[in-house]
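Working notes, structure below.
The values are calculated or read from the model by the stated rules, or taken from the named source; none is laboratory data. Computed from a predicted structure; not experimentally measured. Methodologically, a virtual Cβ is constructed for each residue, glycine included, from the backbone with ideal geometry; neighbour enumeration extends over all protein chains shown. What goes into the accessible areas is simple: the full protein's heavy atoms, side chains included, and nothing from ligands, DNA or RNA. Shrake-Rupley method; radii C 1.70, N 1.55, O 1.52, S 1.80 Å.
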Amino acid sequence: MIQFPQARYRLLEQPTPLAPLARLEKRLGRSGLFIKRDDHMPIALGGNKLRSLEFWLGAALEENADVLLVAGAPVSNQCRLTAAAAAIAGLDCLIVHNDAETDQTRRSSFLNRVFGAEVRFVGAMCEDTRAVRIEEIAQELRSAGRRPYIVGSAVVGALGYAVAAAELLSQSEASGYPIRHVILPGSMGPTEAGFIFGNALLGNPFDVHLVSVEYGQADLAARIARIFGELQHYTGKPDVKLDDGRVHYHMDYLGPGYALPTTVGENAILTLARTEGILLEHTYTAKPFAAFMDMAMDGSIEQAEGLCFLHTGGVPTLFVQNELFETI
Ligand SMILES: Cc1ncc(COP(=O)(O)O)c(C=O)c1O
């Protein structure tokens with residue numbers, strides 16, 4: 001087991017399921033296809049940010065914080081899961097949405113209120129301006145005698161996925177599933193960099209395939225390298241090196257851009273739903289799963305080298321994506 005000198009507040013007692021995609025294998029006429037179900041967690045409909053929240057909460061509680069402060073779009077998975085994690089840890093939660101308050105955006109943010117968070121809409125703004133705004137709100141809270149912790153440090157959040165790499169390796173060894181290739185979305189970077197760092201700590205048992213859902217390759221690679229460097233420093237492990245040869249970038253699935261649907265993404269959603277009964281959504285998981293199916297079929301990976309889709313969750317977003325579908 002990988003351990004770090006950073007407090008961890010346990011939200012997940014059990015590993016998430018690792019399962020063969022038996023019906024999809026039959027449909028595609030090949031074997032060696034697996035799914036790691038980080039969409040399948042017992043809290044708030046699950047998702048990758050719960051692993052990060054174990055470390056963000058650990059840091060917040062170490063600082064004796066009494067309120068978690070988090071920013072994101074109304075549909076943000078990070079906001080929803082922070083609201084739930086705060087409720088579990090007995091902390092308050094203030095969510096700041098960088099969007100206008102409308103019926104639609106209030107509906108998209110509904111689950112945050114279910115989990116008891118206070119929600120503030122501050123109008124549309126870019127991420128840099130939002131970061132400044134959050135700092136101002138944190139200052140206001142401090143002046144009112146509160147002790148806010150701003151959720152989102154990339155390096156702290158990334159620790160969750162270093163742990164996930166170790167979890168996947170021990171599961172694949174225990175089950176005898178020969179997993180060599182792992183596919184996940186390439187986005188802001190903490191999940192990916194954490195997994196790649198964990199993989200490096202373990203001696204690189206996996207080839208890591210990042211399917212970009214947000215940035216161009218140079219930007220994405222720079223994000224990974226920066227967070228990886230921060231992890232070396234933060235964990236006191238400068239000798240753990242980023243092996244570029246084990247990280248593969250897949251840039252052909254982004255389509256018109258972040259959160260915008262593609263035809264192959266829609267096909268991926270419908271295929272997985274209709275073979276395995278598992279949901280994906282357009283923003284984070286449909287495009288990587290489209291890449292997964294292509295890799296399964298294009299002969300680039302030996303059947304003996306298992307191919308695993310790391311499902312990072314985000315499924316609740318599907319409920320506001322109905323208008324993005326063309327064929328149903
Ligand atoms: C479901 C889901 N998958 C993947 C990601 C990307 O993770 P990261 O920001 O660590 O790159 C996110 C980010 O919010 C997400 O919600």
Open item on the list: Looking only at residues that are within 23 Å of the chain's Cα centre (by Cα) and β-branched (Val, Ile, Thr) in region 108-128, which one is surrounded by the most Cβ atoms within 10 Å (Cβ to Cβ)?
Closed with: Val119
Task: Total residues in region 178-196, condition more than 14 Å from the ligand (Cβ to nearest atom) and at pLDDT 95 or above - done: 3
TODO: Please find, within region 197-215, the residue that is nearest to Glu230 (Cα to Cα) out of those that are more than 9 Å from the ligand (Cβ to nearest atom) and β-branched (Val, Ile, Thr).
DONE: Val208
Task: Qualifying residue in region 51-70 (condition: closer than 30 Å to Ser143 by Cα, in contact with a strand residue (DSSP E or B) (Cβ under 8 Å, 6 or more places away or on another chain) and among the charged types (D, E, K, R)) - done: yes
Open item on the list: Criterion first (outside any strand (DSSP E or B), open to solvent by less than 50 Å² (accessible area, probe 1.4 Å), among the polar types (S, T, N, Q) and in contact with a Cys (Cβ under 7 Å, 6 or more places away or on another chain)) does Thr16 satisfy it?
Closed with: no
Task: Looking only at region 72-90, and only at residues there that are open to solvent by 20 Å² or more (accessible area, probe 1.4 Å) and not polar (S, T, N, Q), the one that is farthest from the ligand (Cβ to nearest atom) - done: Gly90
Task: Which listed residue, of Glu136, Glu101, is assigned to a loop (DSSP other than H, G, I, E, B) and of a type outside the set (A, V, I, L, M) - done: Glu101
- [ ] Could you tell me which of the residues Glu54, Glu62 is open to solvent by 10 Å² or more (accessible area, probe 1.4 Å) and on the phi < 0 side of the Ramachandran plot?
- [x] Glu62
TODO: Report whether or not Val163 is under 30 Å from Leu260 (Cβ atoms) and modelled with pLDDT of 95 or more.
DONE: no
- [ ] Go through the residues of region 180-196 one by one and say whether even a single one is touching a Cys at 6+ places or on another chain (Cβ under 6 Å), touching a residue at least 40 places away in the same chain (Cβ under 8 Å) and among the β-branched types (Val, Ile, Thr).
- [x] yes
Open item on the list: Quick check on Arg37: is it assigned by the TED database to the domain that holds Met293, within 16 Å of the ligand (Cβ to nearest atom) and closer than 23 Å to Glu192 by Cβ?
Closed with: yes
